[in-house]
Amino acid sequence: MVAPRSIISFRDIIAEEGAILQRGMNYRMRPNYSIILMSLRRDAPYADRVEEGGKVLVYEGHDVPRTAGSPDPKTVDQPLTTAFGRPTQNGLFMEAAVEYKEGKRPPENVRVYEKLKSGIWVYNGVFKLLDGWQEMIRGRRVCKFRLELTDILEDTAISAGQSSRSNDRVIPSAVKQEVFKRDGGRCRQCGSSKNLHFDHDIPYSLGGSSVTAENVQLLCAECNLKKRDKIR
């Protein structure tokens, strides 16, 4: 299974999830988790953001599909239901958030993939959906969702209750882009371009920072294992 902070292609995401993800919000793609695709790039269609030092993601809901002869999707409310009264992806995620807040269910587990650049994605890990609301922005209702990063290893660990402290912060997108460019898309130790992920030089748990490129590097899986063996 893909590990948090892994750098992958969209094809890899499809292989990982066993489905072609044709939208950014994918409620209950599997029995025990949902999936969202996000972007913090300047040209991103939605205003996603990371808060609280990388522990919280505020994810923006999605617009109505663009169709010929219809108003600009950016000028109409983000829908919670379709014209036939069925919940949209916004509605499904909103219902899950509301039910959690009302104590009717545990928080929804959400796997988050972030687009770093064209063809390059990063798996940010498992988040818990804790809140959902609507805001008036430029004269229309926009859905917002608050998700908090967990220390869950993978979807197989969700039901088993296993956890790890290795992924307790999201590295800012700007830092990821700077590091990827600086390291040339290759492992900083051996030069491999396979099985890469973003690694803290000094672990966060030991005082290392997530917000500057100086403490983040690209490592392949093999070099990362060698490094971990040296950390005491």
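The values are calculated or read from the model by the stated rules, or taken from the named source; none is laboratory data. Predicted model only: the values in this text are computed from it and were never measured. Note that each Cβ is placed from the backbone with ideal geometry, even for glycine, and that neighbours are counted across all protein chains shown. The area values use the complete protein model at the heavy-atom level, side chains included, leaving out ligands, DNA and RNA. Shrake-Rupley method; radii C 1.70, N 1.55, O 1.52, S 1.80 Å.
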**OP:** Given the options 120, 171, 35, state which has the largest fluctuation in a GNM of the chain using a 10 Å cut-off (strictly under) for Cα springs.
**Re:** 120
Subject >> Set of lysines near residue 104 by C-alpha distance (under 29 Å), chain-local residues within fewer than 8 positions excluded >> reply: 55, 128, 144
**OP:** Assign unit charges at the C-beta atoms only (+1 for Lys and Arg, -1 for Asp and Glu), then state the dipole size of segment 1-142 relative to its Cα centre in Debye, rounded to the nearest 20.
**Re:** 180
Subject >> Theoretical ellipticity at 222 nm over the chain - DSSP helices of four or more residues, -39500 (n - 2.57) apiece, nearest 500 >> reply: -5500 deg cm²/dmol
Subject >> Positive-end residue, the chain charge dipole about Cα centroid, Cβ charges, pick of 31, 223, 71 >> reply: 223
Original post:
Amide H neighbours of residue 76 under 5 Å, counting only residues 5+ apart in sequence or on other chains, H built in-plane at 1.01 Å?
Top reply: none
**OP:** Compute, for residue 225, the solvent-accessible surface of its heavy atoms (probe 1.4 Å) with the complete set of protein chains present, and express it in square angstrom to the nearest 10.
**Re:** 110
Original post:
residue 117: which lysines have alpha carbons under 20 Å from its alpha carbon, excluding same-chain residues fewer than 8 sequence positions away?
Top reply: 176, 181, 194
Subject >> Using alpha-carbon coordinates, inclination of helix 89-101 to the longest axis of the chain, degrees >> reply: 80
**OP:** For segment 76-129 and segment 1-52, write down the distance between their C-alpha centroids in whole Å.
**Re:** 11
Subject >> Heavy-atom accessible area ranking, 1.4 Å probe, most first, across 180, 145 >> reply: 180, 145
Original post:
Under a 1.4 angstrom probe, counting protein chains only, how are 121, 133 ranked by accessible area, largest first?
Top reply: 133, 121
Original post:
For residue 117, what accessible area in Å² do you get when you roll a 1.4 Å probe over the heavy atoms of the protein chains, rounding to the nearest 10?
Top reply: 90
Original post:
Using heavy-atom solvent-accessible surface (probe 1.4 Å) with all chains present, what is the largest-first order of 33, 100, 46?
Top reply: 100, 46, 33
